[in-house]
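**Student:** What follows is a structure written as structure tokens; I'll ask about it next.
The values are calculated or read from the model by the stated rules, or taken from the named source; none is laboratory data. Predicted model, so just to flag it, every value in this text is computed and none were measured. All accessible areas refer to the heavy atoms of the entire protein, side chains included, with ligands and DNA or RNA removed. Shrake-Rupley method; radii C 1.70, N 1.55, O 1.52, S 1.80 Å.
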Amino acid sequence: MLYLHRLLTKVYPMCEQTKAYSCFVMDSAGFLIMHEDFLLSSTAASDAEYVHITEKDKYIAEDLIKKSYLVKRECRDLEEIRKKSFYEVHLPPGGVDTLRSGVTCSRYQLAQIIGTNAYIGL
């Protein structure tokens with residue numbers, strides 16, 4: 001995890017400005033691959049598994065859902081005979097940037113990491 005954080009700061013230098021920004025990486029379903037909380041010494045491995053953006057960054061997730069960039073879907077599990085929900089990320093080609101828009105509650109940037117199903121967020 002620490003290696004991934006170091007790699008991010010080289011590729012995306014704004015991630016180094018930890019007083020002003022925090023960075024995260026999520027997959028195409030909204031599950032976090034890397035989050036600043038995962039780097040805390042008190043974090044157990046089980047605390048960093050299957051953590052969704054809606055749990056860690058609620059305001060960003062709500063804004064993504066409102067703008068239809070994070071879309072909730074449903075399917076039927078025929079073995080358990082019940083409906084299940086999941087999310088899909090659908091960003092515009094250039095990503096999303098609300099840092100410069102003047103919005104105060106949910107200021108973020110989000111862009112796809114080329115060649116992967118992952119997205120980097122600031």
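**Student:** Among the residues of the stretch 101-113, are any open to solvent by less than 30 Å² (accessible area, probe 1.4 Å), assigned to a strand (DSSP E or B) and over 16 Å from F31 (Cα atoms)? Let's see the steps before the verdict.
**Tutor:** Filtering the stretch 101-113 for residues open to solvent by less than 30 Å² (accessible area, probe 1.4 Å) gives 106, 108-110.
The next check asks that each one be assigned to a strand (DSSP E or B); those that pass are 109-110.
Add one more test, that the residue is over 16 Å from F31 (Cα atoms), and what stays is 109.
Yes, that holds for at least one residue.
**Student:** Could you check, for the stretch 59-71, whether at least one of its residues is modelled with pLDDT under 90 and either open to solvent by less than 60 Å² (accessible area, probe 1.4 Å) or in a loop (DSSP other than H, G, I, E, B) (or both)?
**Tutor:** no
**Student:** Within the stretch 20-32, is even one residue at pLDDT below 90 and in a helix (DSSP H, G or I)?
**Tutor:** The answer is no, given that none of the residues of the stretch 20-32 is at pLDDT below 90 and in a helix (DSSP H, G or I).
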